[in-house]
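Report on one structure; see the data block that follows.
The values are calculated or read from the model by the stated rules, or taken from the named source; none is laboratory data. This is a predicted model, so every value here is computed, not measured. Quick reminder, even Gly has a Cβ in these numbers, built from the backbone with ideal geometry, and neighbours come from all protein chains shown. Keep in mind that these areas ignore ligands, DNA and RNA; they rest on the heavy atoms of the full protein, side chains included. Shrake-Rupley method; radii C 1.70, N 1.55, O 1.52, S 1.80 Å.
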Amino acid sequence: MQNSRLVKISKYLSYHLRHHPEAIDITLGPGGWVSVTELLSASGKHGFAIEPWELKEVVAENDKQRFSFDSTGTLIRANQGHSIEVDLQLAPALPPDILYHGTGHRAVESILTKGLLKMSRHHVHLSADVETARLVGQRHGRSVVFAVMAAQMHQDGHQFFLSDNGVWLVDMVPPQYLQQM
Ligand code: HQG
């Protein structure tokens, strides 16, 4: 498949599986899962036909592994990044000592005062390595990376979750656990 088609389908799936399922009359089930048949039929009906093989290729090839099939291959979901209320049923996980968060330089002052907030998403997203964090930050202008004292936070009672695509999720990060790099 051409990369442009892959990106287009990926954006379509992100929009409907993370933010606006109602726009194509689907509902996310427990864990954020949707029947593959239902999704394909709904997108077809709403003027964006996706072939089953295309869906498989997007799930496999997507640059950030944004989507997963369940073990039976009959359900699909976005691995993270939702703005709508959904319980991803992730198990709490023990984070490494340090995680990273990349942001745009304009947010730095506010983050140093208020900490990292989830804004429109369900969680604050943290990366396991600096390079990924830097790339995430670039989406918001000149990238600034914060180191997050994750193990210390965990020890102090904050719960961490690890999404199926390796993104660490947490409710918020108070400023005392942040260090600007
Ligand atoms: C910032 C992409 C001011 C936060 C990426 C971020 C990621 C604050 C922005 C995933 C703040 C929210 C998530 C505060 C946080 N004051 N700004 N107190 N606290 N912010 O897009 O982490 O392509 O919702 O730093 O790769 O950038 O969607 O979060 O800049 O994994 O799959 O508020 O989205 O993946 O922006 O990105 P976002 P994010 P996908």
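Table for the structure above
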read-out: Residue among Leu28, Leu6 that alone is out of contact with any Ser or Thr (no Cβ under 6 Å at 6 or more places or on another chain) and open to solvent by less than 30 Å² (accessible area, probe 1.4 Å); value: Leu6
read-out: Per-region count, region 51-82, residues within 14 Å of the chain's Cα centre (by Cα) and under 13 Å from Ser35 (Cβ atoms); value: 1
read-out: Filter result (in contact (Cβ under 8 Å) with a residue 12 or more places away in the chain, over 19 Å from Asn79 (Cβ atoms) and either within 7 Å of the ligand (Cβ to nearest atom) or open to solvent by 90 Å² or more (accessible area, probe 1.4 Å) (or both)) within region 109-133; value: Ile111, Thr113, Lys114, Gly115, Leu116, Leu117
read-out: Options Asp164, Asp63: the member that is charged (D, E, K, R) and surrounded by 13 or more Cβ atoms within 10 Å (Cβ to Cβ); value: Asp164
read-out: Strands (runs of 3 or more DSSP E) contained in region 1-105 and holding at least 1 residues under 30 Å from Phe160 (Cβ atoms) and β-branched (Val, Ile, Thr); value: 75-78, 98-104
read-out: Index of the failed condition, Gly137 passing every other in (1) touching a strand residue (DSSP E or B) at 6+ places or on another chain (Cβ under 6 Å); (2) part of a helix (DSSP H, G or I); (3) open to solvent by 80 Å² or more (accessible area, probe 1.4 Å); (4) not hydrophobic (A, V, I, L, M, F, W, C); value: (3)
read-out: Inter-residue pairs, beta-carbon under 8 Å, first in the same structural domain as Ser68 (by TED's automatic domain parsing) and in a strand (DSSP E or B) and in region 156-174, second acidic (Asp, Glu) and surrounded by fewer than 20 Cβ atoms within 10 Å (Cβ to Cβ), 6+ apart; value: none
read-out: Within region 88-108, tally of residues that are more than 16 Å from the ligand (Cβ to nearest atom) and modelled with pLDDT of 95 or more; value: 5
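So that you can scan it fast, the table gives a plain yes or no per residue for (1) modelled with pLDDT of 95 or more; (2) crowded, with 16+ Cβ neighbours inside 10 Å:
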site: Val34; (1), (2): yes, yes
site: Ser41; (1), (2): yes, no
site: Val58; (1), (2): yes, yes
site: Phe69; (1), (2): yes, yes
site: Gln80; (1), (2): no, yes
